[in-house]
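Nothing in this text is a laboratory measurement; each read-out follows from the coordinates by a stated rule. This structure is a prediction, so every number in the text was calculated from the model and none was measured. No Cβ is skipped: glycine too gets one built from the backbone with ideal geometry, and neighbour counts run over all protein chains shown.
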Amino acid sequence: MTELLSDDEISARIPSGWERDGDEIVRAYEFEDYLAGVAFASEVGEIADEEFHHPEMTIRYDEVEVRLTSHEEGGITDKDVDMAERFDDLR
């Protein structure tokens, strides 16, 4: 089980482009068109499945919103920050 990050740790470690929304970190990635966003969401899904840490994703025409939290722990953990960084590497 992973420990929750403190507010200060979250502020210090949250990747650029991500924002805190309560017990989640969230980012909207912009795309030229719908299919580019769907392809990105598919890649995110593959990583999430490998790590067994699944984000909530909303696919819109020109963006994909990704939300991360550690449900079992009740908030934001190292795992969420690590996953956010991996998703950013896809771009």
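When residues in segment 28-45 are screened for being touching a helix residue (DSSP H, G or I) at 6+ places or on another chain (Cβ under 7 Å) and either touching a residue at least 60 places away in the same chain (Cβ under 8 Å) or of a type outside the set (A, V, I, L, M) (or both), 2 of them pass.
In segment 1-21, the residues that are in contact (Cβ under 8 Å) with a residue 40 or more places away in the chain form Cβ pairs under 6 Å with partners that are of a type in the set (Gly, Ala, Ser), at six or more places apart or across chains, as follows: LEU4/GLY75; PRO15/ALA84; TRP18/ALA84.
Among the residues of segment 1-10, the ones that are touching a strand residue (DSSP E or B) at 6+ places or on another chain (Cβ under 9 Å) and closer than 14 Å to ASP82 by Cα come to 5 in all.
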